[in-house]
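The values are calculated or read from the model by the stated rules, or taken from the named source; none is laboratory data. This one's a predicted model, so the numbers in the text were calculated from it and none came from an experiment. Positions of Cβ are generated from backbone atoms using ideal geometry, with glycine treated the same way; all protein chains shown enter the neighbour counts. Note: areas computed on protein heavy atoms with side chains; ligands, DNA, RNA excluded. Shrake-Rupley method; radii C 1.70, N 1.55, O 1.52, S 1.80 Å.
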Amino acid sequence: MITIAIDGHSSCGKSTMAKDLARSIGYIYIDSGAMYRCCTLYALDNGLIAPDGTIDTATLEQRMPEIHVSFSLNAATGRPDTYLNGECVEERIRTMEVSSHVSPIAALPFVRAAMTAQQQQMGRQGGIVMDGRDIGTAVFPDAELKIFVTASDEIRAQRRYDELQSKGQHPDFNEVLENLRERDRIDSTRAVAPLRQAEDAVVLDNSHLTIAQQNQWLLDRYHECIERHS
Ligand code: DC
């Protein structure tokens, strides 16, 4: 069993393709972004982010050992739900409020160190598909298969907008677009493990691909990789 790292920009469909691949090859899927979202939700719930966005980093650092993230398969959806300290937070971590605070939280070195250690522990036996920003560069630099996904800003914003709407939220399109541009900026320019393409990653621009087409593309890369390693 190999390790598959899928990195790329915000809202480019990484998690959809990662989940579908994991399901079709019987691997475990881990959404590393959900883990940073849980840290953000914890900070919001505990009053550690002021209305102006300032983060109480000293308290958050002290409380990091209290943040336990886990995943459990939801039998109804066939997909994993995210749990923060035993509570299912799958919906609460996907709101615009969490999205607009997550990048500064994910840039904190002590947050990254804690989440990276947990991710490496989860993937230590291989047989895993993990998506995020630094999986192929920092978490699993030796992953056998690395994919870097991207798509145009407008297409990514439209996908996120549709997703929020389908969940009963009523976002403003321009706010969604601005949020993802700002997150990409912070994610790509932070000092620790910034978003960047690993040298040995295969690039996929899925701006004009259907979900079925991108799933097939990924499955083909997986089979090629397995052949190379057998
Ligand atoms: O994939 P996502 O949009 O759910 O990720 C949420 C945020 O978490 C994203 O803006 C950057 C951060 N993140 C990260 O820094 N490293 C990862 N491996 C995954 C996500």
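The figures follow:
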{"item": "Which listed residue is within 26 Å of residue 127 (Cα to Cα), open to solvent by 10 Å² or more (accessible area, probe 1.4 Å) and within 12 Å of the ligand (Cβ to nearest atom), from 24, 15, 32", "result": "15"}
{"item": "Test: residue 150 is open to solvent by 40 Å² or more (accessible area, probe 1.4 Å), of a type in the set (Val, Ile, Thr) and modelled with pLDDT under 95", "result": "no"}
{"item": "Tally, over segment 55-112, of residues that are more than 23 Å from residue 189 (Cα to Cα), more than 18 Å from the chain's Cα centre (by Cα) and of a type in the set (A, V, I, L, M, F, W, C)", "result": "3"}
{"item": "Selection status of residue 182, outside any loop (DSSP other than H, G, I, E, B) and within 23 Å of residue 105 (Cα to Cα)", "result": "yes"}
{"item": "Of residues in segment 132-164 being closer than 11 Å to residue 180 by Cβ, touching a residue at least 24 places away in the same chain (Cβ under 8 Å) and in contact with a helix residue (DSSP H, G or I) (Cβ under 7 Å, 6 or more places away or on another chain), the one nearest to the ligand (Cβ to nearest atom)", "result": "160"}
{"item": "Residue within segment 189-203 that is in a helix (DSSP H, G or I), surrounded by fewer than 15 Cβ atoms within 10 Å (Cβ to Cβ) and within 13 Å of the ligand (Cβ to nearest atom) present", "result": "yes"}
{"item": "Matching option when the condition is open to solvent by 20 Å² or more (accessible area, probe 1.4 Å), of a type in the set (Lys, Arg), in contact with a Ser or Thr (Cβ under 6 Å, 6 or more places away or on another chain) and at negative phi, among 160, 183", "result": "160"}
{"item": "Residue count for segment 208-219, restricted to those that are of a type outside the set (A, V, I, L, M, F, W, C) and either surrounded by fewer than 14 Cβ atoms within 10 Å (Cβ to Cβ) or closer than 24 Å to residue 109 by Cα (or both)", "result": "4"}
{"item": "Residue in segment 118-125 that is in contact with a Pro (Cβ under 9 Å, 6 or more places away or on another chain), open to solvent by 60 Å² or more (accessible area, probe 1.4 Å) and free of Cβ contacts under 8 Å to residues at least 40 places away in the same chain present", "result": "no"}
{"item": "Tally, over segment 80-94, of residues that are over 19 Å from residue 168 (Cβ atoms) and either touching a Lys or Arg at 6+ places or on another chain (Cβ under 7 Å) or within 16 Å of the ligand (Cβ to nearest atom) (or both)", "result": "3"}
{"item": "Check on residue 128, open to solvent by less than 30 Å² (accessible area, probe 1.4 Å), in contact (Cβ under 8 Å) with a residue 40 or more places away in the chain, within 15 Å of the chain's Cα centre (by Cα) and more than 13 Å from the ligand (Cβ to nearest atom)", "result": "yes"}
{"item": "Residue that is nearest to residue 10 (Cα to Cα) [pool: residues in segment 204-230 that are free of Cβ contacts under 8 Å to residues at least 60 places away in the same chain and assigned to a loop (DSSP other than H, G, I, E, B)]", "result": "207"}
{"item": "Residue match in segment 67-82 (condition: closer than 26 Å to residue 211 by Cβ, open to solvent by 10 Å² or more (accessible area, probe 1.4 Å) and modelled with pLDDT of 95 or more)", "result": "no"}
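Each row is one residue, and each column tells you yes or no for (1) surrounded by 15 or more Cβ atoms within 10 Å (Cβ to Cβ); (2) modelled with pLDDT under 95.
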position: 19; (1), (2): yes, yes
position: 39; (1), (2): yes, no
position: 52; (1), (2): no, yes
position: 56; (1), (2): yes, no
position: 84; (1), (2): yes, no
position: 88; (1), (2): no, no
position: 96; (1), (2): yes, yes
